[in-house]
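Trainee: So that we are looking at the same thing, I have put the structure below in structure tokens.
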Amino acid sequence: MKKTFSNTYIFIYSAVLVIVAALILTVVSVSLKPMQEKNKKAETKQMILKTIGIAATRDNAEQLYAQYITEKNIGETTYFAYDNGVILPMRGTGLWGPIWGYIALDNDHTVVGAIFDHSGETPGLGGEISSDKFAQRFVGKKMDTEPIHLKKNADKGNPYEVDAISGGTMTSNGVTAMLASCYEQFESLLQ
């Protein structure tokens, strides 16, 4: 004989199952939040250190950061100082979402390193901003009297031009706007 259940039983069973699953997911999410925050802070410190050529891991990022980096402020805006210059944070918008990065300048305002990242740019196109190859295009450029800008077929001798991303026009425009905003924000420091 086949056992049948009433609609009420099925509804209550389903509701209890959903509530139990939601409670389990909530407990896991809340318990993992401190670890996620710690990892996010370590990743940020790794990015900042990478701009000045220091490879850090999650395990030693905190120690190396404390050894080489000093946080400073212009008004309410934080930037980072190291022995030979400054590291400026950047935030902007790409084609599909936020883009961000850090650019390290020596005391002469020449770029010694840069790092960029994104949350949703197209792989192989705008997503190229997170590659080391893209970041290397900035080394040796200047951020003193004007911001660096991306341009198709950039003049390699121009200290303010960097080759744009082939096929990533909107992301390149976003990076240019992000660099202009960074320059404007830290103009008093850069001149």
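None of the figures in this text is laboratory data; all of them are computed from the coordinates on show. Model, not experiment: these values are computed from the prediction. Every residue, glycine as well, gets a Cβ built from its backbone with ideal geometry; the counts of neighbours run over all protein chains shown.
Trainee: State the Cα centre-to-centre distance between the range 76-103 and the range 11-71 in whole Å.
Mentor: Value for the Cα centre distance between the two parts: 20 Å.
Trainee: Also, I was wondering about something else. Which GluC sites (Glu not before Pro) in the range 33-90 sit in a loop by DSSP (not H, G, I, E or B) and have at most 16 other Cβ atoms within 10 Å of their own Cβ?
Mentor: Sparse-neighbourhood loop GluC sites (Glu not before Pro): GLU76.
Trainee: What pairs in LYS133/LYS156; LYS41/LYS72; LYS50/LYS133; LYS45/LYS156; LYS50/LYS142 have C-alpha atoms more than 22 Å from each other?
Mentor: From LYS133/LYS156; LYS41/LYS72; LYS50/LYS133; LYS45/LYS156; LYS50/LYS142, over 22 Å: LYS45/LYS156.
Trainee: Related question: Among (i) -0.37, -1.29; (ii) -0.57, -1.13; (iii) -0.50, -1.21, which one is log10 I(q)/I(0) by the Debye sum over Cα atoms at q = 0.10, 0.18 Å⁻¹ computed from these coordinates?
Mentor: (iii)
Trainee: Can you compute 3J(HN,Hα) from phi for each residue in the range 72-81, using the Karplus curve 6.51 cos²θ - 1.76 cosθ + 1.60 with θ = phi - 60°, rounded to whole Hz and x for Gly and Pro?
Mentor: My calculation for the range 72-81 gives 10, 9, 10, x, 9, 9, 8, 9, 10, 10 Hz in order.
Trainee: Okay, next question. Okay, helix-only estimate at 222 nm for the chain: each DSSP H run of n ≥ 4 adds -39500 (n - 2.57), divide by all residues, round to 500 deg cm²/dmol; what do you get?
Mentor: -13500 deg cm²/dmol
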